[in-house]
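Below is one structure, written out as C-alpha cells, with a few remarks after it.
The values are calculated or read from the model by the stated rules, or taken from the named source; none is laboratory data. Worth saying up front: this structure is predicted, and the values here are computed from it rather than measured. A quick note on method: Cβ atoms are made from the backbone with ideal geometry, for glycine too, and the neighbour counts reach across all protein chains shown.
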Amino acid sequence: MADKKTRRGGRGKGGKGKTIKERVINEEEGVVVKVLEFGNRGDPGKSKQLTPDLFEQVVADGEVVRPLYDPLLWAMLLEQNVRLDRCVTVMALNTVGLGFELAPLHESKEFIEINAAEIKAERERLLPLLKYPNAGYSFEEMMQMIKTDEEAEGQGYMEVTRGGGGEIDGLYHAPGHTIRVLTKKTGFLQMRSNIGTDAFVFSPGKTSKESTEKVYFKNFGDKRVMDNETGEFTTKALSPEQRANEILQFKIYTPRSSYYGVPRYVAAAPAITGNRLAQLRNVSFFENDATPRLAIIVSGGNLDSTSIQMIEDFIEAKGKGPMNFGRVMLLQAEMHEAIPEAVSKVNIQLIPLTVGVTEDASFTRYLMLNDETIREAFGIGKIFLGTADDVNRATAITLKQVTMEQVFEPETRRYEHRFNMTVMRDLGAKYTRFRFIRPEAQDLNQSAAAYSVLAAAGGVTPNDIRRLLGFDLFQADWAATPLPLLKEGYSEGDVAPPQNVDVTGEGGQEEGKKGHISGAEMARIRKIYGEATGYTGSFNLIAAGEPIEVLKALRGTLFE
C-alpha cells in the first residue's frame, strides 16, 4: 500500500496543517482513497478495546491458527436445538461414558496365567488415578465432557498434570471453545475472559485487556519445559506454577485442516437454523396474532363511529395473545336513512377470518424432516433417541446393533487407541490395556436364550454367565470350565473328564458302571468335606462350586 502526503494551508505560522494521505488499496484497479488527517505529529492513535473474539489479536499476530468455524458458536447451538443436543449426548454417553476396565493386554489364556500377578499389581497401581482423575469429577464425567466438546465443536481437549517426579497425577477436561492450536504446533493457547467472575476485580487503573486470562500448554509427552505465561520453551529452572501443563487433543477428522476438526453435523446447519426459526415463528404467532377467528358482518347499513373505535380497541387490547384465541369481533351497522327500504335488506353474516392460517403448529412436517436430517448426520438409530414409535421390537434390535457397530464402536476404539498409546504408555502399562464398557446390544431375555443353546453345546462357562450379569468373575479354575463338563466332574486343568460321575449324591441305575460314584460314596465325600470345612449344604457343584477341589484331591482313591 503506497502513501502520498501533501500539505494544505494552515492558520498562520503556528497553525496545524491538514494532511491529505492517499492510500492505494488496489494497485491493479487503481483504487485510491484520500483520507484527510488533522495533524501529523507521531503515529495515529488506535483503539484499545477488546474485540468480540478474544483470539482475534493472537490470530492476527500469527501466534495461533484460526479454526475453520467458531467453536463457541457451534457449542451455543446445543442450547437452540433439542434434537442436536440429544444426539450429542447420546454419542458421548454410548462411546465413552459407560465406564471402563483394565483388561489384560492379551486375551490369550497363556498370557493371563503367566502374568496373573503382574496384571493384578498393575491394576491396583493404575485404577486409583483412572477412577479419580481429579477432585472435581469422575473419569466417566470427564470423558463425556471431552466427547461432548468434540461432537459439538469438532475437537475436545484433555489436560494432563504431573507431579514433582514427572509422573501423571491428574487428568482434567479443558473447554474446547477456549483453546486454540499454536501455529508451529508446539502446543496450545487458552484464553478466557474473567469478567463476571470472582477473579475479576474492577479498579480505576485497570485496563480492558487485564480482564482476559491467557495460559499456554504444550503437547502431551513433550519433555521440554515451556513457560505457561509466554509459550516459550526454556532451559531455565521454572517453578511448578510456571511450567506449562500438557494437552491431549481429540478431533473429528476433516481434510480441510490439520489443526482442528469439524462437527459431523455441519452439513445439517440449515436444518438446525430452520428449526429454530420455525419455532420462533410459532411462538410469535401466539404472542402477536391479531386476526380474530370470526367476524360478524351486519350489511345493509353503515358502521357508526362507536363501532369503528371498538374495532381499534379490540385489535389493540384483545387481538393478541393465547388468552384471546377464541375471540369474536362484533360489527354494528347503522340503517341508511335515505333508503328506508334498506331496512328489509339488513343481513348478518359470520365470516371466518383465518383462511390460510393453520390451527395447529405451523411447519410441523418441516420440523420433523429437519430432525431426521440432524439424526442422519450422526447416524444414530431412532431407538436411542426415544422416538421409535413406528418401529417394532425386531427392527428396534436391528437398529440398535447397526448403530453400535457402525457408529459407536469405531468412535470407542478410536478413543481407546489414543488413550492406550499416550496416557497408558506414559503410565508404564505393560500387562493391561484401557477398555471402555460397551452398551449391550441385546436384552437379558435374548441373551439368556442364546446362552442356553450355547450351554447345552458345552460352550458356556460359569464366568461367562457372571460376565453377562455384570458380576465379579470367579477366580477358581473350575469357573473357566463349560457347564456340561462341570456336571461330569471335570474342571479346567484335568487331562480328561471322568466318565459317568454322579456329583449329586443321588446314585442312579448305572451305579455299578466303572468310574461312577454311588450314592454311598457321595455320602462319604460329603462327610469328609463337611468335617474339613463345616459345609452342610447341598452338594451340587453347579450351586456350590468348592467341592470340585475335594473331588480332584480324592479322585485317586475314589476311582480305584
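Whether a residue is more than 24 Å from Met404 (Cα to Cα), charged (D, E, K, R) and either modelled with pLDDT of 80 or more or assigned by TED's automatic domain parsing to the domain that holds Ile168 (or both) was assessed, and Lys487 does not pass this test.
Screening the candidates Gly326, Gly381 for the property of being of a type outside the set (Ser, Thr, Tyr), modelled with pLDDT under 65 and not assigned by TED's automatic domain parsing to the domain that holds Arg264 yields one hit, Gly326. Taking the residues in the range 399-420 that are surrounded by 15 or more Cβ atoms within 10 Å (Cβ to Cβ) and at pLDDT below 90 as candidates, determine which candidate is nearest to Phe220 (Cα to Cα). My answer is Lys400.
Val160 fails exactly one of the following numbered conditions: (1) in contact (Cβ under 8 Å) with a residue 60 or more places away in the chain; (2) closer than 22 Å to Ile437 by Cβ; (3) of a type in the set (Val, Ile, Thr). What is the number of that condition? Every listed condition holds for Val160 apart from (2).
For the range 74-84, the set of residues classified as of a type outside the set (Lys, Arg), part of a helix (DSSP H, G or I) and in contact with a helix residue (DSSP H, G or I) (Cβ under 7 Å, 6 or more places away or on another chain) consists of Trp74, Ala75, Leu77, Leu84, listed by residue number.
Screening the range 85-185 for helices (runs of 4 or more DSSP H) wholly inside it with 2 or more residues that are in the same structural domain as Gly221 (by TED's automatic domain parsing), in contact with a Pro (Cβ under 6 Å, 6 or more places away or on another chain) and modelled with pLDDT of 95 or more returns the ranges 139-153.
Cβ-Cβ contacts under 7 Å between residues 6 or more apart (or on different chains), taken from a first residue in the range 276-288 that is within 18 Å of Asn370 (Cα to Cα) to a second residue that is hydroxyl-bearing (Ser, Thr, Tyr) and at pLDDT 85 or above, are listed as Ala278/Tyr366.
Just checking, which of Gly274, Gly261 is assigned to a loop (DSSP other than H, G, I, E, B), surrounded by 11 or more Cβ atoms within 10 Å (Cβ to Cβ) and modelled with pLDDT of 70 or more? Let's see the steps before the verdict.
On the way: Gly274 fails: assigned to a loop (DSSP other than H, G, I, E, B).
It is Gly261.
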